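Report on the following structure.
Every read-out reported here was derived from the displayed coordinates using simple, explicitly stated rules and does not represent laboratory data. Since the model is a prediction, treat every value here as computed from it, not as a measurement. All Cβ positions, glycine included, derive from the backbone under ideal geometry; neighbour counts span all protein chains shown.
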Amino acid sequence: MGRGPALTRRGGSSGRTRYRLPVRISVIGCGYLGAVHAASMAKLGHDVVAVDVDPGKIERLAAGEAPFFEPGLPEILTEALGSGRIRFTTDMAEVAGAQVHFLAVGTPQGPTGAADLTYVDAAVTSLLPHLSAGEFVVGKSTVPVGTAARLAAQVSEAVPGATLVWNPEFLREGFAVQDTISPDRFVYGVPDGEDGERAVAALDEVYAEALAAGTPRLVVNLPTAELVKISANAFLATKISFINAMAEISEVAGADVTALADAIGHDARIGRKFLNAGLGFGGGCLPKDIRAFQARADELGVGESLAFLADVDAINLRRRDHVVELAQEVLGGAVAGRRVAVLGLAFKPNSDDVRDSPALDIAARLLGLGASVAAYDPEAVATARRVHPELDYVESVADALRDAELVLVLTEWEEFRRFDPAEAAALVANPVVVDGRNCLDRDAWTAAGFTYRGMGR
């Protein structure tokens, strides 16, 4: 699997000297999680084979082309391919001989809100004929609690001596490479006894560089590891929806939610991060994860424990309604026939991901109400066009602003923050801006002649 092993000497966080060989790794699934993980493992010096059932995706990755926008990924992918430490294939048989097999397939939301485990189950079933005793199957995907125990039994029954463990990912889109190579913590969900000890040792070899730099490592049982990622996402979603609920109150009461967030964020028990009022959260993780968490709690008979997540979800979706209503209000009651500039389509900056994007949803709703929508995003136009081809996509901020009667800033890209409001005023037909992310300099835009409306301000 690539180059021959080279002995490496490293200093461990405990002060011990560590010696390790590059680990032979397979990564099953080359979507967002899998492609980043595979390239990052090769960057760390391991020998990696990455597998996916999509030939087009594999062809692009093998050519050094990232199939989605993620800062830093093209560079480490090119480096890994040039070093010979990574290869991409559609043939599952090529994972044979790997010491550690990472499961990195998607768990999309099913029709009932529960996680769809079709891809996880298919990946394990396809892997088993090529798995050997002494090897480790390492789950990275976000799954309902109890999934790992079921899969662990399947693995041990089919291949005695092989061990399944769970090692949840904590990637932030836009920072995924950094979060893989140098995360803020590792969580290993392992079985009791000797198998668990061997699994910990194997993962320590995989992550030796970050561990040597002092990254914390928590060793827990399988259910705890499954709950870590989904409960973290539920907490973050709750925090975002909380400040958006405060924004609703602030608008009625005449308060400024940004100043409110600054004040309460100084409390060390609360913290300022994720207290930014706006359109709410989107993407491929938080919305589906809180719904899947609720569904799993219901299945376990403890649905009341997570009943509050329904309100979290409702507050989040209500923010989109609010922006549409605000657009209608500032345009005198209706948007039909009015030209609206939409700046931002991705659910967050530094990403081209439009899954459950509040920005794209609002743009489509305005079009449905008869507005003429000129939509721009630095990276997400292509992905947005596949979902909503009917929108008018333009190539620059200036193109979107030209003759606009309303400007909506819906994703907080730095390009939008930096855009000169005086230049914007010279382009638009009507200087009104709705700052859906509270990311603009309100005073500067007001000074340029704009009527400014923010979220909860």
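Computed quantities for the displayed model
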item	result
In nm, spacing of pseudo-spin labels at residue 369 and residue 175 (7 Å Cα→C-beta vector)	3.4 nm
Amide H partners (placed H, <5 Å) of residue 339, local residues excluded	372, 405
Net charge over other residues, Cβ less than 12 angstrom from the Cβ of residue 133 (K, R count +1; D, E count -1)	-1
Extension reserve of the residue 402-residue 154 stretch, reckoned as 0.36 nm per residue once the Cα distance is removed	83.3 nm
Karplus-derived HN-Hα couplings along the stretch 296-306 (A = 6.51, B = -1.76, C = 1.60, θ = phi - 60°), whole Hz, x at Gly and Pro	5, 4, 4, 4, 7, x, 10, x, 5, 5, 10
Prolate/oblate/rounded label for the stretch 223-291 (Cα gyration tensor, a/c 1.5)	oblate
0 to 90° range, to nearest 10: angle between helix 308-330 axis and the chain longest Cα axis	30 degrees
Length added when fully stretched, residue 441-residue 270, from 0.36 nm per residue minus Cα-Cα	59.0 nm
Global form of the stretch 312-421, assessed from the alpha-carbon gyration tensor, a/c cut-off 1.5	rounded
Charge sum, other residues only, whose C-beta stays under 13 Å from residue 255's C-beta, Lys/Arg counted +1 and Asp/Glu -1	-3
Pair residue 395, residue 308: separation of 7 Å Cα→Cβ label points (nm)	5.0 nm
Sites residue 91 and residue 218 - FRET efficiency at Förster radius 25 Å, r taken between beta-carbons, to 0.05	0.10
Two-site label geometry, residue 262 and residue 232: point separation in nm, points 7 Å out along Cα→Cβ	3.0 nm
Qualifying lysines (Cα of each under 18 Å from Cα of residue 348; at least 8 residues distant if same chain)	239, 273, 288
Dipole-positive endmost among 113, 97, 34 within the chain (Cβ charges, Cα centre)	97
For the stretch 8-220, size of Cβ-based charge dipole, Lys and Arg +1, Asp and Glu -1, in debye	620 debye
Anisotropy class of the stretch 8-220 from Cα gyration tensor, a/c 1.5 cut	rounded
Degrees between helix 73-83 axis and first principal axis of the chain (Cα, 0 to 90, nearest 10)	30 degrees
FRET efficiency estimate (nearest 0.05) - Cβ-Cβ, residue 415 to residue 78, R0 35 angstrom	0.90
Aspartates and glutamates with Cα under 16 Å of residue 229, excluding same-chain neighbours fewer than 8 positions away	169, 173, 179, 184, 289
Calculated FRET value between residue 125 and residue 317, using beta carbons and R₀ = 41 Å, to 0.05	0.70
Cβ-based net charge around residue 265, under 9 Å, with every Lys or Arg adding one and every Asp or Glu removing one	0
Per-residue HN-Hα couplings for the stretch 92-98 [Karplus 6.51, -1.76, 1.60; θ = phi - 60°; Hz; x = Gly/Pro]	4, 4, 6, 7, 4, x, 5
Beta bridges by DSSP in the chain, antiparallel share as percent, to the nearest 5	10 percent
Mean Cβ count within 10 Å, highest first, over the residues of peptides 115-122, 384-391	115-122, 384-391
